[in-house]
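> Sharing a structure here in structure tokens format.
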Amino acid sequence: MDQETFWNGEGGERWVREQARLDRALDPLGREALAAARVAPGERVLDVGCGCGSTTLALAHAVGTAGEVVGVDLSAPMLDQARGRAAAAGFGHVTFVRADAGEYRAARPFDLLFSRFGVMFFEDPKLAFANLLAALRPGGRLAFVCWRAMAENPWMTVPLAAVLPLVPPPEPTPPDAPGPFAFADRARVASILTAAGFAHVDITSRDVPLATGPLDEALEYAMITGPTARLAQNVDAKTREKMHAAVREALRPLETKDGVVLAAAQWIVTAQRPA
């Protein structure tokens, strides 16, 4: 299934249904990228792969009403959710565009390109980032957060290992195929950005605790994200029930007073368009 079909179908609809739960878990993971972006009042910002708008709203708060934020995403359901959230917040300086960010043409240049886990899905990342570079003013900045290797992310591997005795394993994909872990290789990310024309590329490793709530909430989170969620889509109700039970037992030993906490391994990436 291609990215546009997935995010405009069950994938996007699931993220809309679970928006609050997903925001609680993922917002802390984007904070360091937001800090690294050095957002300033009055700036014009493009939020790449903005989804349901959590980071767009955070950026809008940072730039203030003198600034402007544009959120771009492929998913119509998620953008509808984002627009509703922006309207409820009274943010008149936020707009949302349904487009492939790798092909999006900006009417005016941006001071900053930002993304939280939204840049790993480009079919041709070098071409996409070259297009994004063109959307920046000279001296403009890029900041994003992406996943390191799946093996370094227990929040995905623990649930997956629990269900693999019950279902066929996911189809193997090339390590550089579009998907959550397409940017796991630090050297590849640096090469893509440099080839696209970015300068001052910095890629910093961060390990962040991913708190997904009490056991029942953590179970639901594990079943709606990552490869475990995809495996659960195409099984019968009895198998799905067994998968839930297996994941619950795998997560139970990891529950703390703060809920279930698993490690999340990410890259914080910054770069600049040459002045």
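The values are calculated or read from the model by the stated rules, or taken from the named source; none is laboratory data. Keep in mind that this is a model prediction, so the values were computed, not measured. A quick note on method: Cβ atoms are made from the backbone with ideal geometry, for glycine too, and the neighbour counts reach across all protein chains shown. Accessible surface areas use protein heavy atoms only, side chains included; no ligands, DNA or RNA. Shrake-Rupley method; radii C 1.70, N 1.55, O 1.52, S 1.80 Å.
> Conditions first: (1) without any contact (Cβ under 8 Å) to a residue 12 or more places away in the chain; (2) buried (at least 20 other Cβ atoms within 10 Å of the Cβ). Lys257 passes all but one, so which condition is the exception?
Unmet condition: (2).
> Separate question: Among the residues of region 120-141, which ones are touching a Leu at 6+ places or on another chain (Cβ under 8 Å) and more than 25 Å from Asp2 (Cβ to Cβ)?
Within region 120-141, Leu136, Gly140, Arg141 qualify.
Here's the yes/no breakdown for (1) within 18 Å of Ala33 (Cβ to Cβ); (2) out of contact with any Lys or Arg (no Cβ under 9 Å at 6 or more places or on another chain):
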site: Phe121; (1), (2): yes, yes
site: Asn131; (1), (2): no, no
site: Arg148; (1), (2): yes, no
site: Trp155; (1), (2): yes, yes
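> When only residues in region 263-275 that are of a type outside the set (Gly, Ala, Ser) and out of contact with any Ser or Thr (no Cβ under 7 Å at 6 or more places or on another chain) count, which is farthest from Trp147 (Cα to Cα)?
Per the stated criteria, the residue is Pro274.
> Right, another one. Condition test on Leu132, is it part of a helix (DSSP H, G or I) and either open to solvent by less than 30 Å² (accessible area, probe 1.4 Å) or of a type outside the set (Lys, Arg) (or both)?
Yes; evaluated as a whole, the condition is true for this residue.
> Then there is this: With the requirement that a residue be farther than 23 Å from Val260 by Cβ and charged (D, E, K, R), what does region 152-189 give you?
Glu171, Asp176, Asp185, Arg186, Arg188, listed by residue number.
> Examine region 29-38 for a residue that is in contact with a Gly (Cβ under 8 Å, 6 or more places away or on another chain), charged (D, E, K, R), within 29 Å of Pro209 (Cβ to Cβ) and in contact (Cβ under 8 Å) with a residue 40 or more places away in the chain, and state whether such a residue exists.
no
> Suppose we filter Glu32, Glu13 for residues that are out of contact with any strand residue (DSSP E or B) (no Cβ under 6 Å at 6 or more places or on another chain) and more than 19 Å from Phe110 (Cα to Cα); which single one remains?
It is Glu13.
> Now a separate question. Restricting attention to region 230-243, which residues are surrounded by fewer than 16 Cβ atoms within 10 Å (Cβ to Cβ) and free of Cβ contacts under 8 Å to residues at least 60 places away in the same chain?
Correct list: Asn234, Asp236, Ala237, Lys238, Glu241.
Results for (1) more than 19 Å from Arg148 (Cα to Cα); (2) of a type outside the set (Val, Ile, Thr), shown as yes or no for each residue.
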position: Val167; (1), (2): yes, no
position: Glu171; (1), (2): yes, yes
position: Pro178; (1), (2): no, yes
position: Phe183; (1), (2): no, yes
position: Arg188; (1), (2): no, yes
position: Ala195; (1), (2): yes, yes
position: His200; (1), (2): yes, yes
position: Pro209; (1), (2): no, yes
